[in-house]
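Scroll down for the structure; my scribbles are underneath it.
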Amino acid sequence: MGILSIILKRLGLGLLTMFLVSIIIFLAVNMLPGDFAQALLGQAATPEAVAAIRADLGLDRPIVTRYFDWLAGAARGDFGTSFAQANFGAYVGQTSVSNFGSVAAQLAPRFANTIFLASVTAAIAVPVSLTIGILAALYRNSVFDRVANVSTLTSISSPEFFVAYILILVFAVLNPILPSLSNIFEGMSFAERLEKTLLPALTLTLVVTAHMMRMTRAAIINLLASPYIEMARLKGLSPFRVIVVHALPNALAPIINVVALNLAYLITGVVVVEVVFVYPGIGQLFVDSVKIRDIPVVQACCLVFAAAYILLNLLADIMAILSNPRLRIPK
Amino acid sequence: MISISGVMWLGGIVFASLALRPLGRALPIARLKAACDRMSLAGAFGYVIAAVALYQMFWLYFVKELIFFQWLLQGITGLGIAGYLFRFVGRHIGTDASRKLFRQMPVTAALGILIIIGYAITSVFADWLAPYGQAEIFNNVNVLPGGDPNLGGNPAHPLGTDQIGRDLLSRLIFGAQNTVGIAFVTTCLAFLIGTFFGFLAAAVGGWFDQFLSRVVDMMMSIPQLIFALLLMTIASAWAGSERWLLTVYMIIIIAVLDSTRVFRLSRAVGMNIVVMDFFEAAKLRGEKMSYLVFHEILPNAYAPLLAEFGLRFCFVFLTIASLSFLGVGIQPPLADWGTMVKDLAQFINFAVFSPLTAALPLMAAGAIALLTVAVNFVVDWMLHRASGLKE
């Protein structure tokens, strides 16, 4: 069995997962009392109006047809019309034909913002946590390791908003270096954007670094117990050389896995952090839509989050297969 | 300005770590000389960094007199001493077994146990400990904390009141009951569901096991907080204006979502047990499935499940706090820490003028963090002990 077919198999499995997840999301939303038309028009709507909207949106068709319509739309990037925007559009005299209330138009810029936040976080967190993790493995059971252990355990255990408010207190209120609100808009220069993004990114970094550092440390210590490391040490190599030349190449697989898994973890963290800093990302949109029950937006955000999560996990799997020959032989 | 002083600091640190070893060797102290000979450059760097950090802490505490830093340091020192004393007491009082347990315990684990006991007492006796009821509304709105009438405080409300006049100290104490209590109930429920189906899947096997495992895989492929938020949207539509019903729905939703992780573990543990001879014998005796699960598998899966319970509790607790913080979790009038952080968060901007007011949201958030840290300390120690015994 070639390596290509294994990877293709994984990709197929990922697609299948995505498909099933979309079914779950679609079915969950269909468990709502009443339907889109009722929710759109409110309690006082006449039955005729509800029926008209229902026919207009195609809600009178069987659920299977509706699901595939929604899925086909989502695949093209068309997630339907947002309730809140549709109502607003009706007020200012817009029709639903125009692009005004579409979920996609709302989602796209915010998606880009969230990706920006995640990239800044990853750019800080990955090198820092790998360095600390390797140092902690190198000097394990030393004072440095103990301090790193206790402080990472503390930051893993703290809720994201606690870390966020501590950072706001230190860097925005007591020493006004960074802005505590990330009001990002179009046409900002990169430096400005970076400045506004830095505090939320630092918050996420603290949370993710703790996980990544602990996993890196565990992966390297695990390797240090293997015989060829013992051999390298008995040859009289320096501890630094043992780690960098002998342990690290073999630790690459678990470390790549750790990085990918933690980026997937970012997806959950991003929601709370975006709300704290009023960062105009997809997480904030999601929470706002949950509060006003704007179902099409909730559905779309959920799908985007789930897709990113599955994709990153898939990436972790494939990287692990590529970097570890033992995984290429199916048991 | 910041960058220039930063470069100067960095240069100073590098220079000091380069100079540390020759300096140590030059001094006429034999032990210091030997230590410097053994020290690597990285080690010297570490010592210098530690010295700079200590100096900075000293400066912040005594020269700049930063009140938040003073509180932080006093808090950590106080907790450390409390943990140490608790361990000391535990080592000299109690049965032989408990004394032996305390003798092997690190201070962090002792502190963790002490904090958990403290939270448990607070949540059980909240009605007696809190000065007022959690939903009791007073005429004095927005009383500042501190209890000093000249500064807008009121001795009757040591931590002040919120924007509709509820006593914040009482709400903080009742938060222990609601937030911790609800998280505990949810974790128990998740464990009931997860272990039951996990052991059943292990014991029955075949298509039943395959079916359950695939369903769980499916549920785990959506990030948990996202899935919870999606389901809470639907639950809030079902609950309508009945706020308390939403809290019940939240318990069920999080319990079911979290039971998937418990299912995975208990199935894996169960799988190792069902291949044992004693289980085979019980099966051949013709025992019922309920007997097999509760009398054969459960007693042997006790230890790993207990550690998992601690970790699960932390996750559930943080999820509930996050949901409440986002405004879709535990609903008012119940007092809870996540909602308190959300409501009080704006006060953080007053840190320069009134540190105690700014500390209010941090107290609620810190209460959440402290408990999870404590549980993690204990679980860390338990896992370490379990792995240490194996090696």
*Quick one: what does P(r) look like for chain B with 20 Å bins over all Cα pairs, in whole %?*
20, 44, 30, 6, 0
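Quick one: plug the Kirkwood hydrodynamic radius of the range A:97-157 (C-alpha pairs) into Stokes-Einstein at 37 °C, 0.692 mPa s, and report D in µm²/s. Please list the in-between numbers first.
Values: Rh = 14.7 Å.
This corresponds to a translational diffusion coefficient of 223 µm²/s.
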*Alpha carbon centroid spacing (whole Å) that separates the range A:143-203 from the range B:27-63*: 29
*Taking R0 as 30 Å, what's the FRET efficiency between residue B:15 and residue B:352 from their Cβ-Cβ distance, rounded to 0.05?*
0.25
*Name the aspartates and glutamates eligible as straight-distance cross-link partners of residue B:288: C-alpha to C-alpha under 16 Å, and not fewer than 8 places from it in the same chain.*
B:280, B:296
*Percent RCO, i.e. relative contact order, over chain A, from Cα pairs under 8 Å lying at least 6 residues apart*: 24
*What size of dipole, in debye to the nearest 20, comes out for the protein assembly as shown about its Cα centre when the only charges are +1 on Lys and Arg C-beta atoms and -1 on Asp and Glu C-beta atoms?*
2720
*Simple label model, 7 Å out from Cα along Cβ direction - residue A:188 to residue A:51, nm*: 5.1
*Set the Förster radius R0 to 30 Å, insert the Cβ-Cβ distance between residue A:71 and residue B:204 as r into 1/(1 + (r/R0)^6), and round the FRET efficiency to 0.05.*
0.30
*asked:* If you average the alpha carbon positions of the range B:143-194 and of the range B:102-117, how far apart do those two centres end up, in angstrom?
replied: 26
*Quick one: which of A:235/B:33; A:9/B:283; A:9/A:196; B:33/B:64 span more than 30 angstrom between C-alpha atoms?*
A:9/B:283; A:9/A:196; B:33/B:64
_Cβ-based charge dipole, chain B, positive-most Cα from B:229, B:13, B:165_ = B:13
_Angle between chain A longest axis and helix A:47-57 axis [Cα atoms, degrees, rounded to 10]_ = 50
*FRET E, pair residue B:26, residue A:119, Förster distance 41 Å, beta-carbon r, rounded to 0.05*: 0.25
*Starting at 0 and stepping by 20 Å, how many percent of the alpha carbon pairs of the protein assembly as shown end up in each bin?*
14, 46, 33, 7, 0
_Between helix A:143-157 and chain A, what is the angle of the helix's C-alpha long axis to the longest principal axis, kept within 0 to 90° and rounded to the nearest 10?_
10
*Could you give the length gained on full extension between residue A:240 and residue A:44, defined as 0.36 nm per residue of separation minus the Cα-Cα distance, in nm?*
63.2 nm
*Label residue A:291 and residue B:163 with points 7 Å out from Cα along Cα→Cβ: what is the distance between them in nm?*
1.1
_Length gained when the stretch residue B:103-residue B:139 is fully extended (0.36 nm per residue, less Cα-Cα span)_ = 7.7 nm
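Using the Kirkwood formula over every pair of different C-alpha atoms, what hydrodynamic radius in Å results for the range B:105-164?
On the way: mean 1/r = 0.0724 Å⁻¹.
Hydrodynamic radius (Kirkwood, Cα pairs) of the range B:105-164 is 13.8 Å.
Over its Cα atoms, what ratio of radius of gyration to 2.2 N^0.38 Å does the range B:316-391 give?
Details: Rg = 16.8 Å, N = 76, 2.2 N^0.38 = 11.4 Å.
Here the Cα radius of gyration is 1.47 times the empirical estimate.
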*Once the Cα gyration tensor of chain A is diagonalised, what are the square roots of 5 times its eigenvalues, in whole Å and ordered largest first, as equivalent ellipsoid semi-axes?*
45, 27, 15
*asked:* Need one number: nm distance between label points at residue B:93 and residue A:311, each 7 Å from Cα along Cα→Cβ, rounded to one decimal.
replied: 5.9
*Backbone N within the range B:75-93 under 14 Å of label point (7 Å from residue B:60 Cα along the Cβ vector)*: B:75-77
*Please give every one of the lysines within straight-line cross-link reach of residue A:291, meaning a C-alpha to C-alpha distance under 20 Å, and leave out same-chain neighbours fewer than 8 residues apart.*
B:342
*Taking neighbour Cβ counts within 10 Å as the exposure measure, how do B:384, A:211 sort from fewest upward?*
B:384, A:211
*asked:* Please compute one quarter of the surface area of the Cα convex hull for the range A:195-312 and express it in square nanometres.
replied: 9.1
_Pairs of alpha-carbon atoms within less than 8 angstrom and 6+ residues apart define the contacts here; what relative contact order does chain B have, in percent?_
15
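Pick out the long, greasy-scoring helices in chain B: whole DSSP H runs spanning 24 Å or more along their own axis by Cα, mean Kyte-Doolittle at least 0.0.
Values: long enough: B:2-26 (35 Å, 1.27); B:41-58 (26 Å, 1.67); B:67-92 (37 Å, 0.84); B:107-124 (26 Å, 2.20); B:181-204 (34 Å, 2.12); B:243-274 (44 Å, 1.20); B:302-326 (35 Å, 1.59); B:355-390 (50 Å, 1.20).
Qualifying helices: B:2-26, B:41-58, B:67-92, B:107-124, B:181-204, B:243-274, B:302-326, B:355-390.
Please report B:184, A:190 as a ranked list, fewest other C-beta atoms within 10 angstrom at the top and most at the bottom. Present the calculation step by step, with values, prior to reporting the outcome.
Numbers: B:184 15, A:190 8.
Placing the least packed residue first, the sequence is A:190, B:184.
Over all directions, the average projected area of the alpha-carbon convex hull for the range B:259-391 comes to how many nm²? All intermediate terms of the calculation are to be shown ahead of the outcome.
Numbers: hull surface 47.8 nm².
Mean shadow area of the hull around the Cα atoms is 11.9 nm².
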*Which log10 I(q)/I(0) values, to two decimals, does the range B:1-142 give at q = 0.11, 0.12, 0.18 Å⁻¹ under the Debye formula with one point per Cα?*
-0.80, -0.88, -1.08
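What number, in percent, do you get for the relative contact order of the range B:4-142 if the mean sequence gap of Cα pairs under 8 Å and at least 6 apart is divided by its residue count? Walk me through the numbers on the way to the answer.
Values: 70 pairs, mean separation 18.4, N = 139.
After rounding, I find 13 percent.
Taken together, the values in this text are just the output of simple stated rules run on the coordinates, not laboratory data. Given the structure is predicted, the values throughout are model-derived calculations rather than measurements. Cβ atoms come from the backbone with ideal geometry, glycine included; neighbour counts cover every protein chain shown.
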